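To start, the structure under review is shown below, and the notes come after it.
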Amino acid sequence: MKILFAPIGDPSGYVNVEYLVNGEGPYNTNASFIAISQALKIDKLVVYAGLSLCDTNCNDYKCCKDSVTQKVAQKLGNEFDLLIAPNIYGTRFIQKDRKNTLYFNFIYFNSLKILEDNKPDEIYIDITHGINYMPLLATDAIRLATYTYIVENNKNGVNLTIYNSEPVTKGNQGPYAIDDIYSEKITVRQALSSILSPFLSSESKNVIKNKVFKVIRNKANSENVNTSSCNADFIYHIVNALSAGIFLYLILKKDEINSCLNVVENILGKLDFNNFAVQLNFENGKVIYDENIPIEISYIHSLLKVSNHIAQGSNKISEIRRMAENYSTSDSVKYVILNEISRIEEKKNEIPNSPTLYAKIRGTDSPKICLPEKRNLIAHGGFEENVTFLWKCGEDICVSYTDGKCDCIENVEKHLG
């Protein structure tokens, strides 16, 4: 299946010209994305228009939505899905915090839902139309949604292609060339690495810990949502566990991951196009979005989405092997885990039916129960012998950081901070 996303500005000035798509055509239309859709036989076309196209006589969201829908349909027809995004425009449409984050978050959240529902193999973005920031933010948001979708569905080889047209000049009917300006075939590993990358600098960590989670807590508290298991430290435990391939930690924390995801999704859910719940204040000819949702919340949502998916496996060695093969961030991480699994399987006949410390099974003298060495925790794919308990599960081997009496997971987390 093929999906094309296209952010647009004000279509009132769009004129019919001839377009060539990858040198083929011409296609006579007033919007480049229509030409691309026809040329590539796109299955689903999604257009993002800005709420700033709202009629000046409107004084509520429904009126704005209806007026934008009518304005776009009159000029471009309705042979596509139209989503109306909360954008900024001059001093007339602004966020109360004077930033421009709702547009990004809206496009990320809704694009992800569209991708999840339609399961495409080819994804296209047309950046021809839209004022300055629109193509840039829309592209970044759709790419983040694409990476999330790829990991969630374990889809290697999804094509992402970006198109752009030559500038249309007044009085010239063309033909104008629409070119493929960027194209990549994305693997699960590439997608996962891209999702992790916003968390890897000390500066971003400081922003997430001291600013973003303050917003999350405030919003959750205002709605009486429990955030005890959703904090910045936990996010970075997940980041480091995914980076190092410590999938056992994710499995054992799947409930907390799901709970944290619900907290974050409840915030982004206000931007669901089918249930838009951001308050708009109409004041003296201005429209103010009474909401501040940092872009980093979309990054956190993406991280939790893929972590929640990966963590659904059981704590059996065979499941962790599958995770290592599918979700390792590098070959070195994958082979470290697979090698350690092989070492454990070599001891299968010595593994008892009840949880037993791995160090004891290996015959290590004076095991330091629950006192892992950080280097060993990483070097052995999370199977550090002083915190790992093994036992037989039928024909398989189960693994955990607790034996039901001694719980080592907090000491593991100290090394994942």
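The values are calculated or read from the model by the stated rules, or taken from the named source; none is laboratory data. None of these values were measured; they are calculated from a predicted model. Using ideal geometry, Cβ is built from the backbone for each residue, glycine included, and neighbour counts are taken over all protein chains shown. Note: areas computed on protein heavy atoms with side chains; ligands, DNA, RNA excluded. Shrake-Rupley method; radii C 1.70, N 1.55, O 1.52, S 1.80 Å.
Toward the positive end of the charge dipole of the chain, with +1 on the Cβ of Lys and Arg and -1 on the Cβ of Asp and Glu, the farthest Cα among ASN386, PHE106, TYR149 is that of ASN386.
Annotation: peptides 36-48, 266-278, ranked by per-residue average of other Cβ atoms within 10 Å with the highest first, follow the order 36-48, 266-278. Could you point to the residue in CYS64, ALA85, ILE351 farthest towards the positive end of the chain's charge dipole, with +1 and -1 charges on the Cβ of Lys/Arg and Asp/Glu respectively? Towards the positive end, the residue furthest out is ILE351. For region 39-109 versus region 352-417, the inter-centroid distance based on Cα atoms is 53 Å. For region 24-129, the fraction of C-alpha pairs more than 16 angstrom apart is 65%. Here region 251-402 exposes an accessible surface that is 41 percent carbon and sulfur, computed with a 1.4 Å probe and the other protein chains kept in place.
Note on ASP55 and SER183: the model spin-label points, each 7 Å out from Cα along the C-beta direction, lie 4.4 nm apart. Take 13-26, 102-115 and order them by the average number of nearby Cβ atoms within 10 Å per residue, most first; the result is 102-115, 13-26. Rounded to the nearest 20 debye, the dipole magnitude of region 329-416 is 160 debye, with +1 charges on Lys and Arg beta carbons, -1 on Asp and Glu beta carbons, and the Cα centre as origin. Surface composition of region 122-172: carbon plus sulfur atoms hold 48% of the accessible area, using a 1.4 angstrom probe and ignoring ligands, DNA and RNA. Karplus-derived 3J(HN,Hα) values for region 241-251, using 6.51 cos²θ - 1.76 cosθ + 1.60 with θ = phi - 60°, are 5, 5, 4, 8, x, 8, 5, 4, 4, 4, 4 Hz; glycine and proline are entered as x.
Along each principal axis, taking the top coordinate minus the bottom one, the Cα set of region 329-416 gives 33, 25, 22 Å in descending order. Can you give the FRET efficiency for ARG98 and LYS348, using 1/(1 + (r/R0)^6), R0 = 60 Å, r = Cβ-Cβ distance, to the nearest 0.05? Efficiency at R0 = 60 Å is approximately 0.45.
Charging the Cβ of each Asp and Glu at -1 and of each Lys and Arg at +1, and nothing else, the dipole of region 197-311 about its Cα centre rounds to 220 debye. In percent, rounded to a whole number, the relative contact order of region 264-384 is 14, using alpha-carbon pairs under 8 Å and six or more apart. The stretch between TYR335 and ASP255, if pulled fully straight at 0.36 nm per residue, gains 26.0 nm over its current Cα-Cα span. Ranking LEU115, SER243, VAL168 by Cα position along the charge dipole of the chain, where only Lys, Arg, Asp and Glu carry charges on their C-beta atoms, puts SER243 farthest toward the positive end. Of the trypsin sites (Lys or Arg not before Pro) found in region 348-392, the ones in coil according to DSSP and having at most 15 other Cβ atoms within 10 Å of their Cβ are LYS368.
Summarising the strand pairing of region 2-187, around 35 percent of its internal DSSP beta bridges are antiparallel. Using the Stokes-Einstein relation with a Kirkwood hydrodynamic radius computed over Cα pairs, the translational diffusion coefficient of region 2-187 at 25 °C and a viscosity of 0.890 mPa s comes to 145 µm²/s. Solvent exposure of the chain amounts to 43 Å² per residue of accessible area, where only protein heavy atoms count and the probe is 1.4 Å. Considering only PHE33, PHE282, PHE234, the mean-square fluctuation computed in a Gaussian network model of the chain, springs between alpha carbons under 10 angstrom, is largest for PHE282. The equivalent ellipsoid that matches the C-alpha gyration tensor of the chain spans semi-axes of 48, 25, 15 angstrom, in descending order.
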